[in-house]
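Visitor: Next up is a structure, given as structure tokens.
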Amino acid sequence: MTNFAYLFERFPSFGQTFCYREVAELARQHIAPPIFSIRNPKDEPPQDWDAHIVERVDYLPEEKQLLVDVGRALKKRKLTADVVAALNEWGRRTDFLRLYQAIYIGLRLREMGIEHVHAHFAGMAARTAFWINKFFQITFSFTAHANDIFVPTQFEIGLDKLVDAARAIITETDYAALFLRQRFPDRASRIHRIYNGLDLAEFGRADFRSIPPLIMAVGRLIPKKGFSDLIRACALLAQRGKPFRCEILGEGPVENDLRKQIERLGLQHCFILAGAKPQSQVRRRLVAANVFALPSVIDPEGGMDNLPTVIMEAMATGLPVVSTNIGGIPEMVVENETGLLVQPGDGVAMAEAINKIIGDASAAERLGQSGYARAQRLFSIDKNVRELCALIS
């Protein structure tokens, strides 16, 4: 019997395919933990999710119904005096719904005999798990990702209290694990690195036949992805008379700014913002490419990438990668072995690195093959999910 449950803020979500893949791999291994999602994903691009997994998700009620449900539990005396006192003391302070959500979920976990809950991100789901632990003595762990640890939002139950209370803290890279251990030395033994994973069998292999060469990028259109630097790099390639096409798959708040930049630099004929696509289409576009580019930067608030799943996907396709040397990216992209790394914000260096790869097909194939081999060693979802289960079960 599964003795842990999952708790997500939103599941399944287009922007968090790594969470879905983790749950799907558990199902493949005949492990089916209960899944709770605080929010129901709405207005997201269509995806090819497995209906059997989606049907398992228990979506929490909206605020009004949630308060009614907890009130009913109070009348039936299902809550201890300590829980009632905590509700009364917290009142309507910021984040008060986390307490009510914890009660809603905790009562169900207790009925199911679940002894542990795992959340993704040091955010809403982890804060709810914190209160589940306080109210029901059900232990919790969470996987920390990027901005949730590098620039955490300030809440009364913040990152420090989550780390102090969690049974285990998992993060995706050695870079992030060291970051957390240095910040929380008294809890260093609880902090573990487990890479995200992929089913490499899902991915085709790039054949480098695209003419003109296709530069692919995938990601949310947000400042920390640095896509404006990729546009600048492509403008430099165009000025040098280099034939190419560039395509970005994704959507986000800076889309209009990027479109204006493309028009201003006269790249409409060779640069496409293609919008968000289902994973099956993303895989097909990667196979058609010659090089993958992700010019990640540190945004003005300090946010940055940690272990971009899209780089992992490109490596699984056998594509060479051009990216920047921030966060955990150098753990994926090894200079002159699986791709090329440049300084963030350096459009000139980005152009030179891309040109080096698309101008030498044999070197591109060599880098791509090495990247595929590295993905097999480090990012096998079968192995990495087993590591996670051993830690939180």
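Visitor: For the stretch 269-388, what relative contact order do you get, as a whole percent, if you take Cα pairs closer than 8 Å and at least 6 residues apart? Can you show the working numbers first?
Guide: Values: 174 pairs, mean separation 29.7, N = 120.
For the stretch 269-388, the relative contact order is 25 percent.
Visitor: Still on this structure: Size of the dipole of the chain about the Cα centre, Lys and Arg at +1 and Asp and Glu at -1 on the beta carbon, nothing else charged, in debye to 20?
Guide: Details: 48 positive and 46 negative charges, 112 e Å.
That gives a dipole near 540 debye.
Visitor: Once amide H atoms are placed 1.01 Å from N in the peptide plane, what residues at a sequence separation of 5 or more from Glu9, or on another chain, have their amide H within under 5 Å of its amide H?
Guide: Those qualifying (amide H under 5 Å, at least 5 residues apart or on another chain) are Ile38, His120, Ala125.
Visitor: Specify the residue with the greatest mean-square fluctuation among Arg205, Arg366, Arg77, computed from a Gaussian network of the chain linking alpha-carbon atoms under 10 Å apart.
Guide: Fluctuation is largest for Arg77.
Visitor: Given an 8 Å cut-off on Cα distances and at least 6 residues of separation, report the relative contact order of the chain as a percent.
Guide: Once divided by the residue count of the chain, the mean separation gives 16 percent.
Visitor: Picking from Phe14, Phe227, Phe179, which is most flexible by a Gaussian network model of the chain using Cα springs under 10 Å?
Guide: Phe179
Visitor: As a check on your grasp of the helix formula, calculate [θ] at 222 nm for the chain: sum -39500 (n - 2.57) over DSSP H runs of n ≥ 4, divide by the residue count, round to the nearest 500. The partial results should precede the final answer.
Guide: Details: 17 runs with 175 residues, N = 393.
Taking each H run of at least 4 residues, the total per residue is -13000 deg cm²/dmol.
Visitor: What's the local net charge at Val218, with K and R +1, D and E -1, over the other residues with C-beta under 10 Å away? Don't skip to the end; give the middle numbers.
Guide: Working: positive: Arg220, Lys225, Lys277, Arg285; negative: Glu247, Glu313.
Cβ neighbours under 10 Å give a net charge of +2.
Visitor: Ignoring ligands, DNA and RNA, what accessible area per residue does the stretch 194-247 give at 1.4 Å, in Å²? Can you show the working numbers first?
Guide: Numbers: 2210 Å² over 54 residues.
Here the per-residue accessible area is 41 Å².
Visitor: To continue, here is another question. Let's test this: bin the Cα-Cα distances of the chain at 10 Å from zero up to the farthest pair and state each bin's percent.
Guide: The distribution over the chain is 5, 22, 30, 23, 13, 6, 1, 0, given as percents.
Visitor: May I ask you to give the percent of accessible area on the chain that is carbon plus sulfur, with a probe radius of 1.4 Å? Each step should come with its number before you reach the end.
Guide: On the way: 8220 of 16880 Å².
Ligands and nucleic acids excluded, carbon and sulfur give 49 percent.
Visitor: Dipole magnitude of the stretch 103-181 about its Cα centre, charges +1 at Lys/Arg Cβ and -1 at Asp/Glu Cβ only, in debye to the nearest 20?
Guide: On the way: 7 positive and 8 negative charges, 48 e Å.
In debye, rounded to 20, the stretch 103-181 gives about 220.
Visitor: Over the stretch 294-393, with the other protein chains present, what is the accessible area per residue in square angstrom, probe 1.4 angstrom?
Guide: Ligands and nucleic acids excluded, the result is 34 Å² per residue.
Visitor: Related question: Using +1 at the Cβ of each Lys and Arg and -1 at the Cβ of each Asp and Glu in the chain, identify which of Gly339, Phe140, Val68 lies farthest towards the dipole's positive end.
Guide: Val68
Visitor: For the stretch 374-393 and the stretch 10-89, compute the distance between their C-alpha centroids and round to whole Å.
Guide: 24
Visitor: Once you place label points 7 Å from the Cα toward the Cβ at Gln343 and Gln279, how far apart are they in nm?
Guide: Inter-label distance under the simple model: 3.8 nm.
The values are calculated or read from the model by the stated rules, or taken from the named source; none is laboratory data. This structure is a prediction, so every number in the text was calculated from the model and none was measured. No Cβ is skipped: glycine too gets one built from the backbone with ideal geometry, and neighbour counts run over all protein chains shown. Side chains included, ligands, DNA and RNA excluded: accessible areas come from the protein's heavy atoms. Shrake-Rupley method; radii C 1.70, N 1.55, O 1.52, S 1.80 Å.
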